[in-house]
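Q: A single structure is presented below for examination.
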Amino acid sequence: MDKLIINGGTVLKGEVSISGAKNAVLPMLCASVMATDTCVTLNNIPHLHDVTTTVRLLRQMGVSVTLDDNMNIELDPSTIKNFHAPYDLVKTMRSSILVLGPLLARFGSAVVSLPGGCAIGTRPVEMHLDALSKMGVTFDIQNGYISANCSRLIGCEISFPKTTVTGTENILMASTLAEGKTVITNAAREPEVVDLANFLNEMGAEITGHGTDVIEVKGVKSLRGVSYSALPDRIETGTFLVAAAITGGEITIKNTISNHVAIIIEKLRQSGAIIDSTDSSITLNMQGKRPKAVNIETGAYPLFPTDMQAQLTALNTIASGTSIIKENIFENRFMHIQEMSRMGAEIKLEQNCAIISGKDELVGASVMATDLRASASLILAGLVAKGTTEIERIYHIDRGYDCIEEKLQQLGADIHRMPM
Ligand code: EPZ
């Protein structure tokens, strides 16, 4: 297993281009099994482990998948021969549950391993299953597998008790081929959900209301293959904005969508950054200043994203002042805190709040990545820490960031990967 070595203290300066959004691409890859007669081509695909895992999952079902050198992916589901998502693949990537809706919609059958939890929480999927059973699916859950069957899905009113991103996406995909109309209330409004709906409409679906908390879907008979480019990754955008801010530097971010990170920009302005933006680019200048502490409370989009909580925690560890970070989405998304404390951070945990007393400096140490965004936050801490930081278990980071050390090296960071 590799590790990342970071010698802190460099002020980051330069330009970085954002890759396609992991959390938009994963459901689109799964939705491709619903296409009849023509292939689906997806462009602007990030080079991530989660993408290759999803490709492996689809290939073992019999879907023909070809990738070119620029990570454009062509999928032909006409060769599909089984509807199984096995544990050995699902255990490494929970979002495999996203094959459930498309397989049931197109073939009326699916056997998917229960995803199990992960470092940030138990990650149950009962809202997915309850909604699908309302649409006519019968489930048999045994030995850690969900066996699901239905004749044809029936459109109906689905009201989620809690906002769920992949729950909304599973029902959105399933309802495109259901009999009649489906209305999803308390739907997730994330840009990745909107991008998936736009992709499905290109395939011939009839979806309206996406981006609001009420989505309506009129079932159609079939969906066709299309060529589509995924939207840029707003969490990668936010992560690089914080990388510049935490080191007192300046950065220009290209190929992004600035209004998808409006709340992150607002928080970084509060911390003292000078930020300008166009629709597709953002410039941040920290002018060599130390950031000011900012309070954060995570919530469903358009509130502050939980996937940026660890990165703002890192910023606050060296900010001037005390800050409170409240995590409202996941029950265990503070695993990065004990690692940052090894670097001298002063953080107290009280239930779902982290109280951070900003320090003048952090000191490099050996730390361990525990989950995708925690590993990004440890890189950010290492960039500003005095001395050397070694980050182990960086397979977590490779799941969700496309060539992160190369992009940081372009900005002047002293960071490299070392095989262990
Ligand atoms: C998606 O996960 C993202 N993953 C996560 O990104 C992201 O952190 C999360 O949404 C919240 O924005 C993908 O899109 C692939 P949820 P998801 O269902 O859909 C509870 C990353 O870093 N819940 O919106 O699994 C759940 O436990 C990843 O890229 C139930 O109780 O999250 C959580 O507390 C990490 N029952 C809350 O709802 C259910 O049936 C929101 O979860 C489903 C969810």
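The values are calculated or read from the model by the stated rules, or taken from the named source; none is laboratory data. None of the values given here were measured: they were computed from a predicted structure. In this analysis, Cβ positions are derived from the backbone assuming ideal geometry, glycine residues included, and neighbour counts consider all displayed protein chains.
Q: Return the total of residues in the stretch 136-158 being farther than 14 Å from G108 by Cβ and among the β-branched types (V, I, T).
A: Residues flagged as farther than 14 Å from G108 by Cβ and among the β-branched types (V, I, T) within the stretch 136-158 amount to 3.
Q: Now, a different point. For the stretch 290-311, how many residues meet the condition of being of a type in the set (A, V, I, L, M) and within 14 Å of the ligand (Cβ to nearest atom)?
A: Count: 4.
Q: If S147 meets every condition in (1) within 16 Å of the ligand (Cβ to nearest atom); (2) in contact with an Asp or Glu (Cβ under 7 Å, 6 or more places away or on another chain); (3) farther than 26 Å from N328 by Cβ apart from one, which number is that one?
A: Of (1) within 16 Å of the ligand (Cβ to nearest atom); (2) in contact with an Asp or Glu (Cβ under 7 Å, 6 or more places away or on another chain); (3) farther than 26 Å from N328 by Cβ, only one is false for S147: (1).
Q: Pull out all pairs, ordered by first then second residue, where Cβ-Cβ is under 7 Å, the residues are six or more apart or on different chains, the first lies in the stretch 167-196 and is under 18 Å from M34 (Cβ atoms) and free of Cβ contacts under 8 Å to residues at least 60 places away in the same chain, and the second is within 13 Å of the ligand (Cβ to nearest atom) and of a type in the set (D, E).
A: From the stretch 167-196, the pairs are V193/E169.
Q: Identify, by number, the condition in (1) out of contact with any His (no Cβ under 9 Å at 6 or more places or on another chain); (2) modelled with pLDDT under 95 that T92 doesn't meet.
A: Failed condition: (1).
Q: Restricted to the stretch 386-420, and to residues that are assigned to a loop (DSSP other than H, G, I, E, B) and farther than 22 Å from L362 by Cβ, which residue is nearest to the chain's Cα centre (by Cα)?
A: Among them, the one singled out is D402.
Q: Taking the stretch 252-274, which residues are in contact (Cβ under 8 Å) with a residue 24 or more places away in the chain and in a strand (DSSP E or B)?
A: Residues satisfying the conditions are T252, I253, K254.
Q: Picking from T208, T176, T164, which residue would you name as being at pLDDT 95 or above and surrounded by fewer than 17 Cβ atoms within 10 Å (Cβ to Cβ)?
A: Numbers: T176 fails: surrounded by fewer than 17 Cβ atoms within 10 Å (Cβ to Cβ); T164 fails: surrounded by fewer than 17 Cβ atoms within 10 Å (Cβ to Cβ).
Among T208, T176, T164, only T208 is at pLDDT 95 or above and surrounded by fewer than 17 Cβ atoms within 10 Å (Cβ to Cβ).
Q: Among the listed residues I264, I246, which satisfies the condition of being crowded, with 24+ Cβ neighbours inside 10 Å, away from the ligand (no atom under 16 Å from the Cβ) and either closer than 20 Å to I158 by Cα or modelled with pLDDT of 95 or more (or both)?
A: I246
Q: Residue by residue through the stretch 325-377, note down the ones that are within 16 Å of the ligand (Cβ to nearest atom), among the hydroxyl-bearing types (S, T, Y) and touching a strand residue (DSSP E or B) at 6+ places or on another chain (Cβ under 8 Å).
A: S375 - this is the single residue of the stretch 325-377 that is within 16 Å of the ligand (Cβ to nearest atom), among the hydroxyl-bearing types (S, T, Y) and touching a strand residue (DSSP E or B) at 6+ places or on another chain (Cβ under 8 Å).
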